[in-house]
Amino acid sequence: MISPELIAPCGMNCALCMAYQREKNRCPGCRQSDDLKPRSCVSCIIKNCTHLNEDGFCISCEKLPCRRMKQLDRRYRTKYGMSMLENLEHIHKKGIDDFVEKEMVKWKCPGCGGLLSVHRDRCLSCGYLKEER
């Protein structure tokens, strides 16, 4: 299940993250307590950015896209076929609830109905191969 609280400041849908979906040492998501997060997530430059305002997203930052967001977006476009900047643009234009609804459809596993991971080629629940979509 995807909820607005699982959308990170950078536009990442934490519900799709391998660290969130795994059984052992599960990350609670970027907007949750740092207690159970991997060290890299706790020290994330974007999550800890001083330019984040009340909405908690990079959307309204005057520096968007900053160097870090450009690097993150390029890496996710190349490796995983997902754009953080496109996610933020969608949230900005249509709102967080519309974005969450779109993500539920886009990332639903045709094999079992669960959520696919952006970081894996196969569904973690049923083994469905994403390329078959």
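Could you please let me know if Met69 is farther than 15 Å from Leu16 by Cβ, among the aliphatic types (A, V, I, L, M) and at pLDDT 90 or above? The answer is yes for Met69.
Per the listing Glu62, Glu131, Glu89, Glu54, the residue uniquely under 15 Å from the mean Cα position of the chain (by Cα) and more than 19 Å from Tyr20 (Cα to Cα) is Glu89.
Among the listed residues Leu52, Leu72, which satisfies the condition of being on the phi < 0 side of the Ramachandran plot and outside any loop (DSSP other than H, G, I, E, B)? Spell out how you get there, then give the answer.
On the way: Leu52 fails: outside any loop (DSSP other than H, G, I, E, B).
None of the others qualify; the one that does is Leu72.
All of (1) in contact with a Ser or Thr (Cβ under 8 Å, 6 or more places away or on another chain); (2) exposed (fewer than 15 other Cβ atoms within 10 Å of the Cβ); (3) assigned to a helix (DSSP H, G or I) hold for Met104 with one exception: (1). You will find that of Cys109, Cys58, the residue that is more than 14 Å from Cys10 (Cα to Cα), surrounded by 13 or more Cβ atoms within 10 Å (Cβ to Cβ) and in contact with a Leu (Cβ under 7 Å, 6 or more places away or on another chain) is Cys109 and no other.
Which of the residues spanning the range 1-45 are assigned to a helix (DSSP H, G or I), of a type in the set (A, V, I, L, M, F, W, C) and touching a residue at least 12 places away in the same chain (Cβ under 8 Å)? Of everything in the range 1-45, those that are assigned to a helix (DSSP H, G or I), of a type in the set (A, V, I, L, M, F, W, C) and touching a residue at least 12 places away in the same chain (Cβ under 8 Å) turn out to be Leu6, Cys14, Ala15, Leu16, Met18, Ala19, Cys41. I want to confirm something. Restricting to the range 75-101 and keeping residues that are part of a helix (DSSP H, G or I) and among the polar types (S, T, N, Q), which single residue is surrounded by the most Cβ atoms within 10 Å (Cβ to Cβ)? Among residues in the range 75-101 that are part of a helix (DSSP H, G or I) and among the polar types (S, T, N, Q), the one surrounded by the most Cβ atoms within 10 Å (Cβ to Cβ) is Asn87. Only a single criterion out of (1) assigned to a loop (DSSP other than H, G, I, E, B); (2) at pLDDT below 95 is not satisfied by Ile59, namely (1).
Evaluate the following for Gly114: is it free of Cβ contacts under 8 Å to residues at least 40 places away in the same chain, under 19 Å from Gln21 (Cα atoms), of a type outside the set (Ser, Thr, Tyr) and in contact with a strand residue (DSSP E or B) (Cβ under 8 Å, 6 or more places away or on another chain)?
Values: free of Cβ contacts under 8 Å to residues at least 40 places away in the same chain: yes; under 19 Å from Gln21 (Cα atoms): yes; of a type outside the set (Ser, Thr, Tyr): yes; in contact with a strand residue (DSSP E or B) (Cβ under 8 Å, 6 or more places away or on another chain): yes.
The answer is yes for Gly114.
The values are calculated or read from the model by the stated rules, or taken from the named source; none is laboratory data. If you're wondering where the values come from, they're calculated on a predicted model, not measured in any experiment. With ideal geometry, Cβ positions are generated from the backbone for all residues, glycine too; neighbour counts draw on all protein chains shown.
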